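Right, one structure below, let's go through it.
The values are calculated or read from the model by the stated rules, or taken from the named source; none is laboratory data. Predicted, not measured: the structure shown is a model, and the values here were computed from it. Counting neighbours? That spans all protein chains shown, and the Cβs are built from the backbone with ideal geometry, glycine included. For the accessible areas, the whole protein counts, side chains as well, though only heavy atoms, and no ligand, DNA or RNA atoms are used. Shrake-Rupley method; radii C 1.70, N 1.55, O 1.52, S 1.80 Å.
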Amino acid sequence: GTVDKYMGDSVMAFWGAPIEDKDHTLHACQAAIKIQESLKQFNEENKRHGNPLLVTRIGINTGSVVVGNVGSDDRLNYTSLGDHVNLASRLEGLNKVYKTAIIVSEHTHDRVKNDFKLIFLDKVMVKGKQNMVRIYELLDYKESNPSISVEKYNQAFTTAFYNYEKRNWQIAI
């Protein structure tokens, strides 16, 4: 991936430019999981030394964006722009609401659902968008933690969510 910029305590990165990457969605999700694994180790060390624990939240979206040098002669930045970049940023912020670490859009989910454990969270309308977007929590690689039955959970939750949307409250519960 390409680290784009640091904004306060946030980091923005993208995949697929300047070098083409046909597996950009897969690589972004792998990076997110590695970040969380490294943070867990870092926090274990912090805890041993009585230091505060750190939290990181990640939003991942997949789609076409504009990538290139933007700005003026005085200040030129190589960056990515567009609706898909903005959605990823909004997803990162939603982690606070859902008490999750990694949220991905339906666009990302559809490309990596065979490689990772993902749990359907909700359909949301984010600021600046006209359509609702399904969001998922990215948990881990598909082959790890076989004790977590994501498929069974997703089937039950999807049925409950469908009934919730149809206002079939008792079935949804």
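This table checks each residue for (1) part of a helix (DSSP H, G or I); (2) not acidic (D, E).
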position: A17; (1), (2): no, yes
position: D21; (1), (2): no, no
position: T25; (1), (2): yes, yes
position: Q30; (1), (2): yes, yes
position: Q41; (1), (2): yes, yes
position: N51; (1), (2): no, yes
position: G63; (1), (2): no, yes
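Among the residues of the range 9-55, write down those that are under 17 Å from the mean Cα position of the chain (by Cα), closer than 19 Å to D110 by Cβ and not small (G, A, S).
If the condition is that a residue be under 17 Å from the mean Cα position of the chain (by Cα), closer than 19 Å to D110 by Cβ and not small (G, A, S), then F14, W15, D23, H24, T25, L26, H27, C29, Q30, I33 are the ones that fit.
Which of the residues belonging to the range 23-56 are touching a residue at least 40 places away in the same chain (Cβ under 8 Å) and either under 17 Å from K5 (Cβ atoms) or of a type in the set (D, E) (or both)?
A28, T56 - these are the residues of the range 23-56 that are touching a residue at least 40 places away in the same chain (Cβ under 8 Å) and either under 17 Å from K5 (Cβ atoms) or of a type in the set (D, E) (or both).
Scan the range 64-80 for residues that are farther than 16 Å from T2 by Cβ and either basic (K, R) or surrounded by 10 or more Cβ atoms within 10 Å (Cβ to Cβ) (or both) and report the count.
Counting residues in the range 64-80 that are farther than 16 Å from T2 by Cβ and either basic (K, R) or surrounded by 10 or more Cβ atoms within 10 Å (Cβ to Cβ) (or both) gives 2.
Please verify whether L121 is over 28 Å from A17 (Cα atoms), in contact with a Lys or Arg (Cβ under 9 Å, 6 or more places away or on another chain) and open to solvent by 70 Å² or more (accessible area, probe 1.4 Å), treating the condition exactly as stated.
Working: over 28 Å from A17 (Cα atoms): yes; in contact with a Lys or Arg (Cβ under 9 Å, 6 or more places away or on another chain): yes; open to solvent by 70 Å² or more (accessible area, probe 1.4 Å): no.
When the stated conditions are applied, L121 does not pass them.
Hey, any hits in the range 155-170 for a residue that's touching a Ser or Thr at 6+ places or on another chain (Cβ under 7 Å), free of Cβ contacts under 8 Å to residues at least 60 places away in the same chain and either open to solvent by 100 Å² or more (accessible area, probe 1.4 Å) or not in a loop (DSSP other than H, G, I, E, B) (or both)? Quick ask: steps written out before the conclusion?
Step one: list which residues in the range 155-170 are touching a Ser or Thr at 6+ places or on another chain (Cβ under 7 Å), which gives none.
No, the conditions are met nowhere in the range 155-170.
I need the full set of residues from the range 59-92 which are touching a Ser or Thr at 6+ places or on another chain (Cβ under 9 Å) and aliphatic (A, V, I, L, M), in order please.
Result: I60, V65, V66, V67, V70, V85, L87, A88, L91.
Conditions: (1) outside any loop (DSSP other than H, G, I, E, B); (2) more than 28 Å from V124 (Cα to Cα); (3) at pLDDT below 95. H84 meets all but one. Number of the miss?
(2)
Is there a residue being in contact (Cβ under 8 Å) with a residue 24 or more places away in the chain and charged (D, E, K, R) anywhere in the range 75-83? Explain how you work it out, then say what you get.
Here is the first cut: in the range 75-83, the residues in contact (Cβ under 8 Å) with a residue 24 or more places away in the chain are 77-80, 83.
Subset that is charged (D, E, K, R): 83.
Yes, the range 75-83 contains a residue that is in contact (Cβ under 8 Å) with a residue 24 or more places away in the chain and charged (D, E, K, R).
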